[in-house]
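This report concerns only the one structure given below.
The values are calculated or read from the model by the stated rules, or taken from the named source; none is laboratory data. All values derive from a computational prediction rather than experimental measurement. Counting neighbours? That spans all protein chains shown, and the Cβs are built from the backbone with ideal geometry, glycine included.
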Amino acid sequence: MSSEVEMDEAGSLSDATRWRTSGNSEMPLNRMTRVAFWCSLLLIVTLEATGGEPTRALPSVVGASTNAMLYPVIIKRALGPPKVATGLTNFQGQPVMVSCSSCHTTTKPNIENRGTADLDQFHQGLKYVHGNLSCLSCHNPKNYDTLHLADGHQVEFTDVITLCSQCHGPQRRDYEQGLHGGMNGYWDRTRGGRTRNTCINCHDPHAPLFPLVMPVLPPRDRISVLPKAQKQPPKH
């Protein structure tokens, strides 16, 4: 028999040496077996304490970080090609509407029309105050059911914001930063979405300038909105 004796770091006989020298027929519990035993015991105690259900971690709160999920921004789209009421009704009593191309396809475009005074066939009641632009500065003479950019590219009525942006650059820049244009929803998009208006939701495309208004309600501060009983000075 070999005279070598295996010692562990603490100077005691190792499990393998004790097993060989003790003559015991059962294999001793080594270090990994003991760790597994205590882990299993701890798991059993935990399950009993929680009613048999494993504990679950609480969901983490989404912070305002670059990795946080952002809810979408929905921009209202303008309606499609406009319809004009003819003043007639169909057999169901509903108003008869016609598209722009119904009349303009048979009418020669006039690039000199710049106001309602120049209109002698249609749109006489239209209010038009939009700089020095003519009707065809925006309306597409090749297809009156669409618009066009200054370079001639066709633009759909639903994408009117692209048309407005070619002249109103500062407003579009402010719009992209959230400084221009009406909106509803959340400033913090980690909490909810946001809905934004397009240009013609607020502006008349033929007369976009807002009229000047006189404010009718005075400012209200924290003191002025208090109940009358709270405005009285305390009695000493």
*With the checklist (1) among the charged types (D, E, K, R); (2) under 32 Å from the mean Cα position of the chain (by Cα); (3) at pLDDT below 85 in hand, flag the one item GLU53 doesn't pass.*
(2)
*Output the residues belonging to segment 152-202 that are of a type in the set (D, E, K, R) and touching a Phe, Trp or Tyr at 6+ places or on another chain (Cβ under 7 Å).*
ARG189, ARG194
*Inspect segment 137-145 for any residue being of a type in the set (Lys, Arg), closer than 23 Å to ASP204 by Cα, assigned by TED's automatic domain parsing to the domain that holds ASN197 and in a loop (DSSP other than H, G, I, E, B) and give the result as yes or no.*
no
_Filter result for the condition that a residue is out of contact with any Lys or Arg (no Cβ under 6 Å at 6 or more places or on another chain), modelled with pLDDT under 90 and under 30 Å from PRO211 (Cα atoms), over LYS127, LYS108_ = LYS127
*Restricting attention to segment 175-232, report how many residues are within 25 Å of the chain's Cα centre (by Cα) and either modelled with pLDDT under 85 or not in a strand (DSSP E or B) (or both).*
23
*asked:* Could you go through segment 91-98 and let me know if any residue there is outside the structural domain of THR198 (by TED's automatic domain parsing), in contact with a strand residue (DSSP E or B) (Cβ under 7 Å, 6 or more places away or on another chain) and surrounded by fewer than 10 Cβ atoms within 10 Å (Cβ to Cβ).
replied: no
*Among (1) more than 26 Å from LEU149 (Cβ to Cβ); (2) among the small types (Gly, Ala, Ser); (3) exposed (fewer than 14 other Cβ atoms within 10 Å of the Cβ), the one test that GLY178 misses*: (1)
_I'd like the full set of residues that are of a type outside the set (A, V, I, L, M, F, W, C), surrounded by 12 or more Cβ atoms within 10 Å (Cβ to Cβ) and closer than 25 Å to THR86 by Cα, limited to segment 121-166._
HIS123, TYR128, SER134, HIS139, ASN140, PRO141, ASN143, TYR144, ASP145, THR146, GLU156, THR158
